[in-house]
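The next block holds one structure in the form of structure tokens; read it before the comments.
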Amino acid sequence: MPTQWKRSPEELHKTYIANTEAFYRTAGRGLAEQMDAFCTDCAMGLFARSASLTEEHAEAVNQLYSKGRPKPTWLLWALAAEVGKKSAFLPPLFFWSLTEQDARRGTDSSRVFIRMLTNILLCLAAVDDDVTYAEAEYITECADKLAALCDSAGVKKGKPGLRAADFVTSAQPSFLEKNPPQTAASGGAEPAQKAGGQTAGQEPARPSLEELMAQLDGLVGLEQVKKDVKSMMNLVKVRQLRKQAELPVPPLSLHMVFLGNPGTGKTTVARLIGGLYAAIGALSKGQLIEVDRSGLVAGYVGQTAIKTQEVIASALGGVLFIDEAYSLASGGENDFGREAIETILKAMEDHRDELVVIAAGYTGPMEKFLSSNPGLESRFNKYFFFEDYNGGELNAIFHMQCKSNGYELDDEAEAYSAEFFNALYEGRDENFGNGRDVRNQFEDMVIRQANRVAAMEAPTKEDLVRFTKADFLEQADGQGG
């Protein structure tokens, strides 16, 4: 039976553009690359449930590109090889941020996204003029998982989307049922190659070990942390070499605790560690997934484990960074944070070669957190201490921000800068934000400089890029002399 969702390649591209442009108006065009990759991945999962694969399917995937992005060049044989590797649907990382934004603002853009994705997937399912039960089940699974994230985040309800099951035209077996994937043991072929020698579906090249180490060395301060990270890298590298030489490899926990105040570079170092572990083969991907209590704990019984498991699934192959981890143990015995802790501990055991967990926070509360559960103390046995930046280091961070954003300091501002950040460090209190305070100061100065330059009759290029001593001072924003 023909389906009403059949589209020509040109019409399919127009449908994709119309839906993605609506999404970018809410979330920003910077997500175009992630959006295209996500929809392509969904198409692969969907086509695994199709009755067959044809040139129409390959041409459909080639229509999944946003404005200004390169058009894909999938061939049928490469598509078939990639479809054979697809597993369960996982929500994209940008969707988590979208649900949290909706919950804060009282909007429902994430639910609109689900309806748009359903429309795109129905068009993709119908490229062969047939929507199977298996395809409808996959589309429903995608929508249900995304809707569950909306519910757990507290996003307001929106109008219901289409039910994919209402558009089924046949119940033919899926492509994977007809063509079970071959393994290396059964004599399967090597992974398909794209034109130019790139493996189908292959991710862009990751930074090399040398590049990542250079980034680590380039961080301001943190000298002891850098030494500790390098020591860890050496330990893991030698462990990998022992594996290759078929020598005994003692158990090694890669999980870590980052102790220190906010703004001391913990997230930056965690991201570098993920990349470094991937570069030496200890992790398959090396991505960093950053969450806090709100990203793990739900408001109803039984939902926290589901929410936490979804986060863990997105972190497999990389690093799960839990900021202010002590907040998970801050409630009583019936607090849902305890459920998140137990779920994370189980994942650390079940995925010991696929997941690195870094728990971060203030020193005192983190010590209490680790002692709250015997499993935490046994699994987190590596501690990194992030000291506050001193005045000279704060000044160096400020100058790096100036340089990267195209600003310069005149001679008087240059001399005052060192004095300013030394005073900031010496006068710090419990609310001291380290690098965050530097960033806030830089942003304030950009505003003050803009107000000052805007009042000039004919500002020069030098005026546009130069900070003066006045830009450091609050009265320079037009409230005084």
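Each reported figure results from applying straightforward, stated rules to the coordinates on display, with no laboratory input. Here the structure is a predicted model, which means the values were calculated and not measured. A quick note on method: Cβ atoms are made from the backbone with ideal geometry, for glycine too, and the neighbour counts reach across all protein chains shown.
Near the amide H of Val357, within less than 5 Å, lie the amide hydrogens of His255, Met256, Leu320, all on another chain or at least 5 residues away, with H placed in the peptide plane.
Can you give the FRET efficiency to the nearest 0.05 for Ala214 and Gln101, using r as the Cβ-Cβ distance and R₀ = 35 Å?
Numbers: r = 35 Å, r/R0 = 0.99.
Once the sixth-power term is evaluated, E becomes 0.50.
Which of the peptides 447-460, 14-27, 48-61, 68-81 is most tightly packed, and how do the rest follow, going by the mean number of other Cβ atoms within 10 Å of each residue? Please report the intermediate quantities before stating the final value.
Working: 447-460: 12.4, 14-27: 16.9, 48-61: 19.9, 68-81: 15.1.
Highest-to-lowest ranking by the protection proxy: 48-61, 14-27, 68-81, 447-460.
Placing unit charges on C-beta atoms (Lys and Arg positive, Asp and Glu negative, everything else neutral), compute the dipole magnitude of the chain about its Cα centre in debye, rounded to 20. Before the final figure, lay out each step's value.
Values: 50 positive and 67 negative charges, 229 e Å.
It comes to approximately 1100 debye.
Here the simple spin-label model places points 7 Å from the Cα toward Cβ, and for Glu367 and Val446 these points are separated by 3.9 nm. For region 358-435 versus region 271-348, the inter-centroid distance based on Cα atoms is 24 Å. Taking Cα atoms only, the orientation of helix 93-105 departs from the longest principal axis of the chain by about 70 degrees.
Along the positive direction of the dipole of the chain (beta-carbon charges: Lys, Arg +1; Asp, Glu -1; about the Cα centre), which of Leu424, Gly286, Val83 reaches farthest? So the residue furthest toward the plus end is Val83. One chain, two ends: Leu90 and Val249. Fully extended at 0.36 nm per residue, the span grows by 53.9 nm beyond their Cα-Cα distance. With only Cα atoms counted, region 360-446 has Rg and Dmax values of 17.6, 57 Å.
Multiplying the sequence separation of Ala454 and Asp411 by 0.36 nm and subtracting their Cα-Cα distance, what value in nm do you get? Before the final figure, lay out the partial values.
Details: separation 43, 0.36 × 43 = 15.48 nm, distance 2.18 nm.
Roughly 13.3 nm would be gained on extension.
Percent relative contact order of region 391-477, based on C-alpha pairs within less than 8 angstrom and at least six residues apart? List each step's numbers first, then the result.
Values: 68 pairs, mean separation 37.3, N = 87.
Reported as a whole number, the value is 43 percent.
Each label was represented as a point 7 Å from its Cα along the Cα-to-Cβ direction; for Asp429 and Ser404 these points are 3.0 nm apart.
Counting Lys and Arg as +1 and Asp and Glu as -1, what is the net charge of the other residues whose Cβ lies under 15 Å from the Cβ of Glu223?
On the way: positive: Lys226, Lys227, Lys230; negative: Asp217, Asp228, Glu387, Asp388, Glu393.
Result for the neighbourhood of Glu223: -2.
Assuming R0 = 25 Å, what is the FRET efficiency of Val238 and Gln309, from their Cβ-Cβ distance, to the nearest 0.05? Plugging the Cβ-Cβ distance into 1/(1 + (r/R0)^6) gives 0.15.
Of all lysines in the structure, the ones whose alpha carbon falls short of 30 Å from that of Lys243, not counting any fewer than 8 places away in one chain, are Lys85, Lys86, Lys226, Lys227, Lys230, Lys285, Lys346, Lys382.
At a Förster distance of 51 Å, what's the computed FRET efficiency of Thr268 paired with Gln4, Cβ-Cβ distance as r, to 0.05? For R0 = 51 Å, the calculated efficiency reads 0.50. Simple point charges give the picture: +1 on the Cβ of Lys and Arg, -1 on the Cβ of Asp and Glu, and for region 391-477 a dipole about the Cα centre of about 300 debye. Extension gain, Ser231-Leu464: 0.36 nm per intervening residue step, less the Cα-Cα distance, totals 79.4 nm. Think of region 391-477 as having a plus end and a minus end, set by charges on the Cβ of Lys, Arg, Asp and Glu; of Thr460, Gly392, Leu473, Thr460 sits farthest toward the positive end of this dipole.
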